[in-house]
Amino acid sequence: MNAHELLNHDINCECGRVHRCDIETLKIGEGVIDEIDVLLSKYKHILLVADCNTYPLCGDKVSALLKDKIQNKYIFNVEGLLVPNEESAATIDALVTPETDLVLGIGSGVINDLCKYVSFFKKIKSGIVATAPSMDGFASSGAAMILGGMKVTVTTHAPNVILGDVNVLKGAPTEMIAAGYADIIGKYSSLNDWKLASIVTGEHLCPFIYDIVLDATNEIRSLASDIIARDPYAIGKLMETLVVSGMCLTLNTNTRPGSGSEHHLSHFFEITGLIENKPYFLHGTDVGYSAIVTAELREKIVAVDNPTFYKISEEDRIACYKKIYHDYWSEVNDIQVKAKSYENDLTKIYLEKWDEIRTVLSECPTADEIREMLVEVGFDLPAFEKFYGKAKIENSTFFGKDLKDRYSMLWIYFALFMNDEQVKKILNN
Ligand SMILES: [Zn+2]
Ligand SMILES: [Zn+2]
């Protein structure tokens, strides 16, 4: 599916819904930046935002081509990675004037999120000149911010302009390219959770969007060696798929098509890293490793012929939250209280549909298969296990789900394997 076929018109879908995603200007290919003055001809007062890592990649060229259409320019001078926090947002915000008609970022995740965030509250448009095919948030309306020291996804708007010049993208650091590839491989896990939710909780599943994501994921999987070799066609396809994946979230009006248990685990590593002031991997890297973990959990569930479900006490659960999430525990608890997840007993449905559930879970590629897909681009599972440690990874499988109000396979895993003994193990760790 070509991205442009999905854009800027109502899609009257076989699923009974009308889907729509608007992105004014989307162009991916070799030499796209050479046309930037034509592509952005309607804008006259552009605020250009980059950081000292991303600006050198194409900033001078963009500036030279847009000439006096650039009203102002800000390059964050940071050591290491730019943080999308209040301070960074305020810096951009202060440069917006009543004339500013576009906040144009040069970068990938963080710069795009900051531009979306500031432009949304200023009620102006935003755009991104991508410098790395590293994650699937380019086209999404959510801005991943760190506010009050904690990661929050703020609902903003999708960028009006997304440009991906393959000549720039193919020069991105290998770990960023591998992370983008892994973010897509994680869709095998998120799609499987979607299908599971449709039979367990009756959540709406759109076969049209499901197939777009699945077909795109299969294509990216087949291009692994070309992607890591920085073949221009393969890099362009990866970038396009990352954009399409974000568009599918808009088409489905939630993040379900692109974010399931594997994203809950990646979120867990990021949040606990922020809480404990410990490092974590790039988003897509965490998603890739987490997709191996969630595939292992599915295999453990599928192996159970006659399930017995446990229910730990609320007191024990809160004790585990406190142990894992420290001061942040009550916010995690609030998410689940609001979602009524623990009040809602799904045991009866699990027993009724156990065979059907196992059939769906078996459709996901195995942990070995996903590991192979990732090894091809340089992933190393023992390095991941060493980086986070076995205990933290195990905690993520039981309590990563609590960071979200979304159903996934993790809830079945919890009901099957979280017993009093496991509680003791977590609390004594
Ligand atoms: Zn992602
Ligand atoms: Zn549909």
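Of the residues making up region 285-316, those that are more than 19 Å from M409 (Cβ to Cβ) and either acidic (D, E) or surrounded by 16 or more Cβ atoms within 10 Å (Cβ to Cβ) (or both) are T285, E314, E315, D316.
Within the bounds of region 23-43, is there any residue that is within 13 Å of L251 (Cβ to Cβ), within 13 Å of ligand 2 (Cβ to nearest atom) and surrounded by 11 or more Cβ atoms within 10 Å (Cβ to Cβ)? No, region 23-43 has no match at all.
With respect to L65, is the statement that it is surrounded by fewer than 19 Cβ atoms within 10 Å (Cβ to Cβ), touching a helix residue (DSSP H, G or I) at 6+ places or on another chain (Cβ under 7 Å) and in the same structural domain as A90 (by TED's automatic domain parsing) true? Considered against the rule, which asks whether it is surrounded by fewer than 19 Cβ atoms within 10 Å (Cβ to Cβ), touching a helix residue (DSSP H, G or I) at 6+ places or on another chain (Cβ under 7 Å) and in the same structural domain as A90 (by TED's automatic domain parsing), L65 comes out as yes. Cβ-Cβ under 7 Å, sequence separation 6+ or interchain: first residue in region 391-406 and within 15 Å of V423 (Cα to Cα), partner surrounded by fewer than 19 Cβ atoms within 10 Å (Cβ to Cβ) and modelled with pLDDT under 95. Which pairs? Pairs that qualify, where the first residue is within 15 Å of V423 (Cα to Cα) and the partner is surrounded by fewer than 19 Cβ atoms within 10 Å (Cβ to Cβ) and modelled with pLDDT under 95, are A391/N429.
Quick check on my filter: what residues within region 191-221 are within 14 Å of ligand 1 (Cβ to nearest atom) and over 18 Å from S134 (Cα atoms)?
At the first step, the residues of region 191-221 found to be within 14 Å of ligand 1 (Cβ to nearest atom) are 191, 193, 213, 216-217, 220.
Within region 191-221, L191, D193 qualify.
Please tell me if L274 is under 18 Å from the mean Cα position of the chain (by Cα), surrounded by 24 or more Cβ atoms within 10 Å (Cβ to Cβ), in contact (Cβ under 8 Å) with a residue 12 or more places away in the chain and not assigned by TED's automatic domain parsing to the domain that holds A132. Before the answer, list the steps.
Numbers: under 18 Å from the mean Cα position of the chain (by Cα): yes; surrounded by 24 or more Cβ atoms within 10 Å (Cβ to Cβ): no; in contact (Cβ under 8 Å) with a residue 12 or more places away in the chain: yes; not assigned by TED's automatic domain parsing to the domain that holds A132: yes.
When the stated conditions are applied, L274 does not pass them.
Could you count how many residues in region 251-307 are assigned to a helix (DSSP H, G or I) and of a type in the set (S, T, Y)? Before you say what the answer is, go through the steps one by one.
In the first step, residues of region 251-307 are kept if they are assigned to a helix (DSSP H, G or I); the result is 251, 256-258, 261-276, 283-302.
Retained after the next criterion (residues that are of a type in the set (S, T, Y)): 261, 266, 272, 285, 289-290, 294.
Going through region 251-307 one residue at a time, the tally reaches 7.
As for region 142-153, it holds no residue that is more than 18 Å from the chain's Cα centre (by Cα), among the basic types (K, R) and more than 16 Å from ligand 2 (Cβ to nearest atom).
The values are calculated or read from the model by the stated rules, or taken from the named source; none is laboratory data. All values derive from a computational prediction rather than experimental measurement. A quick note on method: Cβ atoms are made from the backbone with ideal geometry, for glycine too, and the neighbour counts reach across all protein chains shown.
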